[in-house]
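Presented below is the structure to which this report refers.
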Amino acid sequence: MYKRSIQGWLKHIDFILLDVLALQLAFILAYAYRHGGMPYASDRYKSLAIMLVVVDILIAAVFNTMHNVMRRGYFVEFMQTLKQVLVVLGVITLYLFAMRSGDVYSRITVFLTACLHLVLGYATRLAWKPIVRRIGQKNIKKASMILVADERQVPEILGQVSATDNVEYVGIVLSNRDGTGEEISGVPVVASLGTAADYICREWVDEVFVYPAQLTDIEVHRDAFYKSIEEIINDAGEETADRDLEAEAGEPATVSALIEACRQMAIPVHIRLPISATGERNFIEKVGGYTVLTTAANFASPVQLALKRLMDIAGGLVGSLVALVVIAVVGPKIKRESPGPILFKQTRIGLNGKKFQVYKIRSMYMDAEARKAELMENNRVSDGMMFKLDWDPRIIGNKIVDGKQVTGIGEKLRSGSWDEWPQCFNVLMSQMSLVGTRPPTVDEWEKYKYHHRARLSTKPGLTGMWQVSGRSRITDFEEVVRLDTEYINHWSLGLDIRIILKTVKAVFMKDGAM
């Protein structure tokens, strides 16, 4: 899921708060010069101090006076500060006149406050900018971004990125030729237009930035895109079609085809020029110094993601305590029946293709992975995109006795989902979330087509839409993808809470446990 950056006046709330502090300091100094003491000791001047705060914030919000504050030079910054001071002074003067309080307050105090506000406000802005840049260089989490552009435009685009931008170009795709293996301004050319979609699908890529040479380059014709895929499938087979449209179709790949492929993979795409909608959610924002139209399956504000993370931490702490208790209770029995570690670690694919180690209580014998191939013919998921058996002999305690299938401790752990509690450790490490999509194994991920990649656009979760919609009864992987995509497209904190409540009910009723 795409994390949308803060927009509007809230983006520079730090500068606004500093300006409020500068205004209050100016008011204190002006009052001390004219009257002596502190203005807050007087009820009248205390009310004026509050009014100054309210007016200063409202003017900054309504007129967006901090717009592009990090890119403004000394003179432009001075003029913007002067504008802010004069508007605040004008509003306060009108307020005092309307309230007929002009004779109650000292004019010297009011006008001296404005003069000091100009000096202090300008000084604080100049002093804060380098601090923001240093903090940004160290702490801003930068998105791994692929740049798609004509070779002539690349140096200019790379030069637009500032230290405070949350952008890091990790690769380039040239729209005018195949430059794979070359470097431009220190950034490698990682693929051609024909191989770019497959590269993005397989590598850890967060976003794609498209800088078209002309508007026609990004006209998306989905019917033509799908028709070309069908022709490739008929001629060369489905796997080849997914790998390289350019080579197999016999026609040059286009930027619009790459945009369509990214849409299927739910990769956020930033396009410099406005075009017709190509994704579920579209909005205008700033990326690398350019105004772009961003298309994504869905987006979340920083506040929403912070609340989701707080839920994860709270749930992860409780779940980790439960996991420790379960491990202490069942661990000795697992050791007796199947010598080896109590916890099972497996490489899974997480957000945007990043690999991580998922933790579970081991419910299978140590040779379970080695025996997977011989049991593949019994897989309930016919397309092989997931691996599920009706009765799995690899589970600890499962055996045939007098021709009958007997279950043991492993099946009990799995039927009650007790084996999954250690995944709360992954939640605390921010590798997983309480609610998300099922993290695929590496071999499952390697079979993914473009639209399957959409499942990786959000953090994997302990539970999700497919878990509360039948879980083990769902044997069609495309149905799992549909449910996960539905979750991503309609995500909200309320939806997460509803899924958690349904999961609790499903676990206690053992409804379709995997």
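Okay, here's what the table says:
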{"read-out": "Breaking point among (1) part of a loop (DSSP other than H, G, I, E, B); (2) open to solvent by 60 Å² or more (accessible area, probe 1.4 Å); (3) at pLDDT below 70, for residue 387", "value": "(2)"}
{"read-out": "Test: residue 445 is more than 25 Å from the chain's Cα centre (by Cα) and at pLDDT 85 or above", "value": "no"}
{"read-out": "Residues that are under 16 Å from residue 167 (Cβ atoms) and either open to solvent by less than 10 Å² (accessible area, probe 1.4 Å) or modelled with pLDDT of 80 or more (or both), drawn from region 291-300", "value": "292, 294, 296"}
{"read-out": "Scan of region 34-66 for residues that are part of a loop (DSSP other than H, G, I, E, B), touching a residue at least 40 places away in the same chain (Cβ under 8 Å) and surrounded by fewer than 17 Cβ atoms within 10 Å (Cβ to Cβ), ordered by number", "value": "35, 64"}
{"read-out": "Region 458-491, subset modelled with pLDDT under 85 and outside any helix (DSSP H, G or I), residue nearest to the chain's Cα centre (by Cα)", "value": "466"}
{"read-out": "Enumeration of residues in region 1-25 that are assigned to a helix (DSSP H, G or I), modelled with pLDDT under 90 and surrounded by 21 or more Cβ atoms within 10 Å (Cβ to Cβ)", "value": "12"}
{"read-out": "Whichever residue in region 273-290 is in contact with a helix residue (DSSP H, G or I) (Cβ under 9 Å, 6 or more places away or on another chain) and of a type in the set (Ser, Thr, Tyr) and, among such residues, is modelled with the highest pLDDT", "value": "290"}
{"read-out": "Out of 208, 189, sole residue that is modelled with pLDDT of 90 or more, open to solvent by less than 30 Å² (accessible area, probe 1.4 Å) and in contact with a Gly (Cβ under 7 Å, 6 or more places away or on another chain)", "value": "189"}
{"read-out": "Qualifying residue in region 492-504 (condition: outside any helix (DSSP H, G or I) and touching a helix residue (DSSP H, G or I) at 6+ places or on another chain (Cβ under 9 Å))", "value": "yes"}
{"read-out": "Unique residue being in a helix (DSSP H, G or I) and within 30 Å of residue 289 (Cβ to Cβ) when the list is 91, 110, 85", "value": "85"}
{"read-out": "Qualifying residue in region 327-345 (condition: of a type in the set (Val, Ile, Thr), open to solvent by less than 10 Å² (accessible area, probe 1.4 Å) and assigned to a strand (DSSP E or B))", "value": "no"}
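The values are calculated or read from the model by the stated rules, or taken from the named source; none is laboratory data. Predicted model, so just to flag it, every value in this text is computed and none were measured. Cβ sites come from the backbone with ideal geometry, for glycine too, and all protein chains shown count toward neighbours. Side chains included, ligands, DNA and RNA excluded: accessible areas come from the protein's heavy atoms. Shrake-Rupley method; radii C 1.70, N 1.55, O 1.52, S 1.80 Å.
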